[in-house]
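The structure under discussion appears below in the form of C-alpha cells.
The values are calculated or read from the model by the stated rules, or taken from the named source; none is laboratory data. Note that the structure is predicted; figures quoted are calculated from it, not measured. Virtual Cβ from ideal backbone geometry, glycine too; neighbours counted across all protein chains shown. Quick note on the areas: whole protein, heavy atoms, side chains included, nothing else; ligands and nucleic acids left out. Shrake-Rupley method; radii C 1.70, N 1.55, O 1.52, S 1.80 Å.
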Amino acid sequence: TTVITKDSVARNPNIVKQYSITSNATITPVINDVVVLVSTSNLYLASPSKIYDGDTGTQTGTVAVTPTGTINVTNLNYYKRYPFYNEIMSFVTPYGKGLDLGVKGKTWYYDVTDFTPLLKGPKRLLMTLGGENQEQMDLDFIFIVGTPPRNIVEFNQLWQGGARLGGVAIGNITNNARFEVLNVPMHANGQSFKMRSTITGHGAQGEFKQNGGAIHHYINVNGGANEFDWQNTIECSTNPVYPQGGTWLYDRQGWCPGLSSLLKEMNLTTYVTPGSTVTIDYNTSNPPVSTGDYRFIVANQLVTYGSPNHSLDACIKEVIKPSSKVAYARTNPICSSPVILVQNTGTVNLTSLDFEYWINSASTKQTFNWTGNLSFMDTLSVHLPVGMLWQSGIQTTNNKFNVEIKKANGVADDYSFNNIYSSPFVVPEWVPDNFSIEFLTNGTLDNSYTLIDDNGNIMGQSNFLAPLTTYTDYFTLNSGCYTLIIDDAVGDGLSWWANTAQGTGFVRLRDNSNNIIKTFQPDFGSRIEYSFTTNGPLSVKKNALDATLKLYPNPTRDKFILEGVELEESQISIINVIGQTISIPSTKKNDTMEFDTSSLTRGVYFITIHKDGSAITKKVIVN
C-alpha cells in the first residue's frame, strides 16, 4: 500500500563571519598584519519564501520576508610583510660539465664596504636562486681595521631583492607593476649619494643579446629625462675560468657563468639634496621582440656617504699584474711590466705619485714617479717599468710582488695604511730559447698569434692563408721575457662543442728536438696570453713532473684525479703493492686525468709518470 504524506524541510542558515585587521606596521622585526575573527552568526537570507503545490511541486506563490538587518560584504586591506632581501653579491656559478676548479678550487674577492650598516647586529644570511646547489662554496668576511675614505651613513635597497621577486617579466617593469616609482628621503647627513645596480637578463630573449636584441636600462630621478641609460651585455669569451661546459662562451645580459654579475655604479650627488625627498624610478626600454620572454633579476641600491675622511690620500686598490687572483688569470702570470690600480681617496686631486716596488725581500727596490690628474674616488691603472725588478729575489714558490706609495703630490699623504700592497704570484714557465710554434688552424680561419718581448716589440706574427692547415714557425730568442698572444676573432677558440663546423685546431710549442713542451687549451674563447722566460735571471727550469704534480682525493674510494703539466704527453702506469701493472678506465684532459678506481680492491697503489726521460711516483690509497 503506497501512502503519500506531506512534509517540510527547514532551510539551513548561512554561517556569517565578521573579521577585523590588526596592523603590525610598527612591529620589529617585520611580521604580517593579523586577520582577527570578531564574531560568527547563523543568519537566513531575507529573500521571499516560495509556496509550492504539494501534489505537483509547482510553485504557486511567495511569502514576503521582512529583513531584520543588512550585511555589506567588503574587502579588508592587510599587509603581508617579508624580510627584505638585501643583495650583497650576484654571482653565477660556472657551468660544471667538464669543469676543473683544481684541488683548492677558485677564490674571488669583493669589496663590501658599502654594506657596512647592513652587516651590523644579528642577521640571516642566505645563498639563493640555485647556484648554492652546484658547487661547494665557502664565504668569508675579511674585516680590515682602519679608516675608510668616507663613512657609510645609510644603505638602502630600494626594491625587494631578486631572491624574493625572482626574474621579473619586462612587461611588469615597463608598466610599473614591479619596481614602481618610489619616494625616497635623502638622509640629512649625507654628503654624497651613489646608486648600485646589478641586473641579470634571463629567458629565451632576455638572456642573450643575439636572441632578443639590446635592452636599455634607466634610472630616473624626479621625472623628466632619464639621468642614467645603459646596456648590460657582457663578453663571456674572456671569462678567466675556462673551459666550461654548456654555452659559457655566449655574450649575456649582465652575467657570465663563473663571474660576478655586472655592477653599474651611478653618482646621484648632483641630482639630489640632503634632507629632501626625491622620486627614483627604474625602468627599461620596450623589448625589440614584443612577444619575447625577457626576465630580469634586479638589485638597485642607494648608498649614502658622509664627509671625506682624508684630504691628501692615495690608495693602492689592487695589483692586476703580477697576481694569482682568479679575476686576472687571463693575463697572468707575467714577467713584464707590473700593473697596479690606484685610487684617490682624498679630496685633493692627485698630480704625482712616487712608487717603490720589489720582489719578496729583495734589498734593491725599483722606483717610479707618476704624474697626471686624479680626482676624488677616481681610479687609474699605472704601468710600472720593468727595470731590474725580475733580476733578484725570485723563489721557486711563494713569491710576492710588493708595491708602496712613498709620496703623493711630493709629500707623505694623510693615511699610510692603504699605501702598500703585497700580491702573491707564480713564476712564468720556462721555454728554451730555440723553439717552434706549431699551429693547426680551424675551418673558419679566424685565429692568429703574436709573439712580443717585454717592451712590446713584435718578435713574430702568424700568416695563416688556409684553414685546417698546420703551420710551424721557428724562433731563436735572446734571454728574457716574452708573451705569446693567441687570438680568436669570433670568440669560440680553436675548438668548441657548439660549433663543430669550425673543426678542431691546436697550438703547441716544440723544443729544438721536436718534443712537445706546451699544449694550449683549444676551447679558450677569445684570447690566451702566455708569458714565459728563456735563459735569464727569472728562469726557474722545472721538470714538468716536479712537485707541482697533484693527486687528489687521497685516500679515495671511486676515483682519483691527477693534475699536472702536459699529462697527455706522458706515460702513466698504475702498480699494485706486489709490483703488478694494472689497467683501469681513465679520462684525459689537457692538464688532468681522472681514473676510475671503483673496480680496485682496497689497498695501496703507486702511480708512475714518465715523460722526456724523467719519472715521478705518487702513492694513492683506495678505501
Heavy-atom accessible area with a 1.4 angstrom probe orders Glu356, Glu132, most exposed first, as Glu132, Glu356
How many nm is it between the label spots at Phe606 and Thr5, if each spot is 7 Å from the Cα in line with the beta carbon?
10.5 nm
So what does Thr379 come to for accessible area, using a 1.4 Å probe and Å² rounded to 10?
70 Å²
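What's the FRET efficiency of Thr581 with Thr476 using the Cβ-Cβ distance as r and R₀ = 25 Å, to the nearest 0.05? List each step's numbers first, then the result.
Numbers: r = 42 Å, r/R0 = 1.66.
Once rounded, the FRET efficiency stands at 0.05.
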Sorting Phe376, Phe193 on solvent-accessible surface, 1.4 Å probe, most exposed first, gives Phe376, Phe193
How much solvent-accessible surface does Leu129 expose, in Å² to the nearest 10, with a 1.4 Å probe and all protein chains in place?
110 Å²
Segment 289-309 and segment 157-200: distance between their alpha carbon centers, rounded to Å:
6 Å
Counting only heavy atoms of the protein chains, get the accessible area per residue of the chain (1.4 Å probe) and round it to a whole Å² value.
54 Å²
Förster radius 25 Å - calculated FRET efficiency between Ala329 and Tyr218, Cβ distance, rounded to 0.05
0.15
Packing-ranked peptide list from 286-293, 255-262, highest mean Cβ count within 10 angstrom first, is 255-262, 286-293
Reported label for calculated log10 I(q)/I(0) by the Debye sum over Cα atoms at q = 0.09, 0.11 Å⁻¹ given (1) -0.87, -1.19; (2) -0.94, -1.29; (3) -0.68, -1.06:
(2)
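Work out, step by step, the length gained on full extension between Asp100 and Lys407: first 0.36 nm times the residue separation, then minus their alpha carbon distance; give nm to one decimal.
Values: separation 307, 0.36 × 307 = 110.52 nm, distance 4.37 nm.
Length difference between fully extended and current span is 106.1 nm.
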May I ask you to list the lysines whose Cα is less than 23 Å away from that of Lys619, ignoring any residue fewer than eight positions away on the same chain?
Lys104, Lys542, Lys550, Lys559, Lys588, Lys589, Lys611
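For an R0 of 41 angstrom, estimate the FRET efficiency from the Cβ-Cβ distance between Ser49 and Ala177 and round to the nearest 0.05. The partial results should precede the final answer.
Details: r = 48 Å, r/R0 = 1.18.
Efficiency at R0 = 41 Å is approximately 0.25.
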For the chain, which cysteines have no second Cys with its Cβ under 4.7 Å from theirs?
Cys315
Take Asp414 and Asn286, extend 7 Å from each Cα along the Cα→Cβ direction, and tell me the distance between the two endpoints in nm.
5.1 nm
Can you give me the Cα centroid spacing of segment 331-371 and segment 443-512 in angstrom?
32 Å
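Looking at segment 1-48, which trypsin sites (Lys or Arg not before Pro) are in a loop (DSSP not H, G, I, E or B) and have at most 14 other Cβ atoms within 10 Å?
Numbers: sites: Lys6, Arg11, Lys17; in loops: Lys6, Arg11.
Passing sites in segment 1-48 are Lys6, Arg11.
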How much accessible area does Glu594 have with a 1.4 Å probe, in Å² rounded to the nearest 10?
80 Å²
Simple SL model, points at 7 angstrom along Cα→Cβ for Tyr552 and Arg527; separation in nm is 3.0 nm
Want the number for Val112 to Glu356: 0.36 nm per residue separation, take away the alpha-carbon distance, what's left?
85.0 nm
Straight distance only, please: which lysines reach the Cα of Lys365 with their own Cα at less than 23 Å, same-chain residues fewer than 8 apart left out?
Lys317, Lys321, Lys400, Lys406, Lys407
